Amino acid sequence: MTTQPVLRIRDVTVRFGGVTAVKGVSFDVAQNEIVGLIGPNGAGKTTLLNAISHLETLASGSISCFGERISDWAPHRMAAFGIARTFQVVQPFANLTVRQNVRVGAMFARGRHEHVRVAAAVEEAIELTGLGAKADLLPHQVTLADRKRLELARALAMQPRVLLLDEVMAGLNHTEIGKVIALIRAIRDKGVTILVVEHVMKAITAICDRIVVLQFGEKIADDRPDRVLSDEKVVRAYLGDRYAARQAALAQGEAR
Amino acid sequence: MTPISPRGLLLALAGALCLAALAAVPWLAGNYWMRILTSILMYCVVAQGLNVIVGFAGYHAFGNAAFFGIGAYALGVSEVLGLGFLASIPVAAAVSALVAALVGWPLLRLRGHYFAIATVALTMAVGELVTNIGGVTGGAQGLALPLDTSQSPEQVYRQIYFLMFGLAVLSTLAVWHLSNSRLGYALRALKDSERGAMAMGVDTRRAKVAAWAISAALTGAAGAIWAHWMTFIEVGSAFDITLSVKGYIMMLIGGMGTIFGPLLGAAFFELFSTLIWSRFTEVHNLVLGILVCVVVLALPFGIWQPLRRLWHGRQGSRA
Amino acid sequence: MILQTIINGLLIGGIYGLATIGFSMVWGVMGIINLAHGAYIMLGAYVAYVVSARFGIEPFLVVPLAMAALFVLGYVIQAWMLNRVLKTSLLLSLALTFGINLILVDLTVMEFTSDFRAVTTQYASTALEWGEAFVPVARLGACLFALALAWIFHEFLARTRSGQAILAAALDREVSRLMGINPSRVYAMTAGLGAALAGAAGVLSSMIFPVSPHMGNNFLGAVFVITVLGGIGSLGGAILAGFVYGLIQAFASAWLGVNYQEVVAFTVFLLILIFRPQGLLGKKYFGEGQ
């Protein structure tokens, strides 16, 4: 067990135009941990994720992965290093089949391009995400849930060491969410470190070891799920002051 | 590996027959047809060159004719300086590829329309440059290539025919190999989503530049052989934007991004063009224009896909 | 000498600007690069030639006629042909307009042959004097007329409903549709107006340059550069860039010789594309994602 965190986010600030979307956020993600990143809309979660994968530039602060500063790396270098991410709005390659989409991930990740290894990685990713039956169809021919799974399969085929998931549960129903939860657990079991941005609470509480909460670009909590969710600040952030006050009053009333 | 179906076997046989027929042309058909076919094969190469950068990478190099001219002049200068014809062809291809790599590095950062126009500007600029440099390039007077006196004209034309034929086969093989190779996947991915490709580890800049270099090498080689064929070249015809446009339309008619589409398109277009020229010299451009309009409006995706669907008898497109 | 060069450049620039507005608007509004735009200019010049030579009418007076004729042509071509390939690729609209250009040019060759024609006026060789420089009256008149037309078009865009619809469609195709603007009609309108302006530019240039079926292609090169230089879809940009281009050409011609005109122009062009693709006045999103 390495003591060095896999992902180290230090004092990260991201601005666009006049808006400061992320303000001095710091936290670590340890080897093999699953960390959830939550917060109300506009809190800066996706922006932070974009900053990590260098789709946004940092105004200040630093981001390191496995000890290397990745803040100004080109996306393809990050991919080769072992960082994969999914996108909130899935964008598979429209003119390639499911299998071919996954293949792109396998071919270009981590310097691998031997024929056999690629094929094996592709099949493994497809099997893990349950896309076997639809592997030869084009993305527009499969359901949204399948496309989300394709997004995951592509990321998996890259054999990442760190996986960034951006609202991968959005738009899925009850059963589908359950399947994705199981999938994420399986991925972690393979040794991958995962950072999950999510709105679906049930999923977050089910899979995360730790939860980081953002509000208005700032970190307001960073702890185990049970502690974070009963934290007054977090409740207030999500449900507003009146709800928090009512809850507090209720609690006081019970105590009496 | 998928087993070879009887249909597949039939197609392969047809293909082999075609190749054999083409190889026998100089003895079967007359000089007139050999010349027409040389032209068709040349356009096959140009169309395949375009196929690599446009069909696969999705970058509309409308001015790819620049490399045709560069190849032509590179060969011309090379021959004038003493290097033989056959040795000059790879030189011409290499020079074209080099220019593409150098110019492509900044230009391929441009998207869509901008890149298309930049390539047109490139064609015109290089043409002007060649004219103004003068000296060994012959400048505005054009360049006369040393005549091959060791062979009879017949033999020379035959040699040129076979070289074009070989180049056409080579370019098709290149495209075939590309479609399954790592570079091919990189290009197809970045064509659909450049950002997505980058996120998955594709070095898109290198892939695009490589594609353009390959495209340029093929186009340049075609230009080189053409230069030797013409024995006299000048900027106006070597750097003719019409070449790019015709190549585009052939690729369009045939179906871009496919392996054989450009060949079909080149054959169809050039045959049609030649037949009309000989009958209706006056209205040549008019009919050409009408043909282009009809094709674009009626068959925006080329004839290869519908043909293929007919042949395979099933719905849905294969990637 | 410098003053003369500047004057030459500016005077020709005005006409270039007018010639470019239509092309730039069509590109900005619909994402179509109209390779037949040069032909529209050429046809305008021929209208001037026919009417002026046959009836001896002052070319300036022919402008409305040419504009009307070209408006109809541009409108019809857009409505019947180009509107159908709008949703497909860039490649197709380029090929289609190329085909249209071939047809128009060849029809003109068939009717008028490739011989050069001229539109002569009484004041063709008159020139005003300004210091050491000469200001040809014909060119001055043409340039001012061009600017006046550009201004009228600007007012049209700003004040009329149709004009506003065009601007809206340029800014955001989807949203304008939701607001009840019929895109097909707007596009046809834009194309018609673009062609009309090109026709006007053609009439004006017939007073200065010789008229031939292939003059359109020469113009097209300049129009391309000016469009990108000024910013795609920007009227003000087209005018401004027209002047800049005229000046660049004039100076290149004066200092390096007529041959280098094109090289310099294209080099500048490539440089713009690399360093400031949005041009002088364009917004970054015009022309992208089309």
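In what sequence do C:PHE134, B:PHE56 fall when counting other Cβ within 10 Å, fewest first?
Details: C:PHE134 16, B:PHE56 25.
Fewest-to-most Cβ neighbours within 10 Å comes out as C:PHE134, B:PHE56.
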> Between A:ARG85 and residues 5 or more places away or on another chain, which pairs have amide H atoms under 5 Å apart, with H built 1.01 Å from N, and which residues are they?
Replying inline: A:LEU164
> By how many degrees, between 0 and 90 and to the nearest 10, does the Cα long axis of helix C:90-112 differ from the longest principal axis of chain C?
Replying inline: 40 degrees
>> Which one, C:MET30, A:ASN41, B:LEU178, is farthest towards the positive end of the dipole of the protein assembly as shown when Lys and Arg carry +1 and Asp and Glu -1 on their Cβ?
In response: A:ASN41
> So how do B:HIS113, A:HIS174, B:HIS284 line up by other beta-carbon neighbours within 10 Å, fewest first?
Replying inline: A:HIS174, B:HIS284, B:HIS113
>> For Cα pairs less than 8 Å apart in space and 6+ apart in sequence, what is the mean separation divided by the residue count of chain B, i.e. the relative contact order in percent?
In response: 30 percent
> With θ set to phi - 60° and the Karplus curve 6.51 cos²θ - 1.76 cosθ + 1.60, what are the ³J(HN,Hα) couplings of segment B:226-234 in order, to the nearest whole Hz, using x for Gly and Pro?
Replying inline: 4, 4, 5, 5, 6, 6, 9, 10, 9
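Roughly how big is segment A:93-158's charge dipole about its Cα centre, with Cβ charges of +1 (Lys, Arg) and -1 (Asp, Glu), in debye to the nearest 20? Could you put the intermediate results ahead of the total?
On the way: 10 positive and 7 negative charges, 36 e Å.
It works out to roughly 180 debye.
Fewest to most neighbouring Cβ within 10 Å: what's the order for B:TRP212, B:TRP176, B:TRP226, B:TRP27? Don't skip to the answer; put the middle values down first.
Values: B:TRP212 28, B:TRP176 13, B:TRP226 25, B:TRP27 8.
Ranking B:TRP212, B:TRP176, B:TRP226, B:TRP27 by Cβ neighbours within 10 Å, fewest first, gives B:TRP27, B:TRP176, B:TRP226, B:TRP212.
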>> Let me confirm one metric for peptide B:117-124, namely the mean number of other chain beta-carbon atoms within 10 Å of its residues' beta-carbons.
In response: 6
>> Strictly over 29 Å apart at the Cα level, which of A:LYS148/A:LYS190; A:LYS23/B:LYS191; A:LYS134/A:LYS190; B:LYS208/B:LYS246 would you flag in this model?
In response: A:LYS23/B:LYS191
> Mean separation of Cα pairs under 8 Å and 6+ residues apart, divided by the residue count of chain C: what relative contact order is that in percent?
Replying inline: 39 percent
> What's the Cα-based Rg to Rh of chain C, Rh via Kirkwood?
Replying inline: 0.96
>> Using only the alpha carbons of the protein assembly as shown, what is the convex hull's orientation-averaged projected area in square nanometres?
In response: 44.4 nm²
> Once amide H atoms are placed 1.01 Å from N in the peptide plane, what residues at a sequence separation of 5 or more from A:VAL212, or on another chain, have their amide H within under 5 Å of its amide H?
Replying inline: A:GLY36, A:LEU37, A:ILE38
>> Straight-line reach from A:LYS233: which aspartates and glutamates fall under 15 Å, measuring Cα to Cα and dropping same-chain residues less than 8 apart?
In response: A:GLU218, A:ASP222, A:ASP223, A:ASP241
>> Can you list residues from other chains, or at least 5 along the same chain, whose modelled amide H is less than 5 Å from the amide H of A:VAL6?
In response: A:VAL29, A:ALA30, A:GLN31
>> Testing the spin-label approximation: label points 7 Å from Cα along Cα→Cβ at B:THR242 and B:ALA29. State their distance in nm.
In response: 2.2 nm
> Which ³J(HN,Hα) values, rounded to whole Hz and listed in residue order, are derived for segment B:27-36 from phi using the Karplus coefficients 6.51, -1.76 and 1.60 in 6.51 cos²θ - 1.76 cosθ + 1.60 with θ = phi - 60°, glycine and proline given as x?
Replying inline: 9, 7, 9, x, 4, 4, 5, 4, 5, 4
> Using all Cα-Cα distances in segment B:30-241, what percent lands in each 10 angstrom bin from 0 up to the longest?
Replying inline: 9, 35, 33, 17, 5, 1
> Assuming R0 = 41 Å, what is the FRET efficiency of C:PHE156 and C:ASN217, from their Cβ-Cβ distance, to the nearest 0.05?
Replying inline: 0.90
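In peptide B:104-116, what is the residue-averaged number of other protein chain Cβ atoms found within 10 Å of each Cβ?
Numbers: counts 0, 0, 5, 3, 0, 3, 3, 5, 7, 14, 9, 2, 4.
Whole-number average of other-chain Cβ neighbours for B:104-116 is 4.
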> Using θ = phi - 60° and the Karplus form 6.51 cos²θ - 1.76 cosθ + 1.60, what ³J(HN,Hα) does each residue of segment A:82-98 get, whole Hz, x for Gly and Pro?
Replying inline: x, 9, 10, 9, 10, 10, 4, 9, 5, 10, x, 6, 4, 9, 10, 5, 3
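Every number in this text was worked out from the coordinates using simple rules, so none of it is lab data. Note that the coordinates shown come from a computational prediction; the quantities given were computed from them, not determined experimentally. Here Cβ is always computed from backbone atoms with ideal geometry, including for glycine, and neighbour counts include all displayed protein chains.
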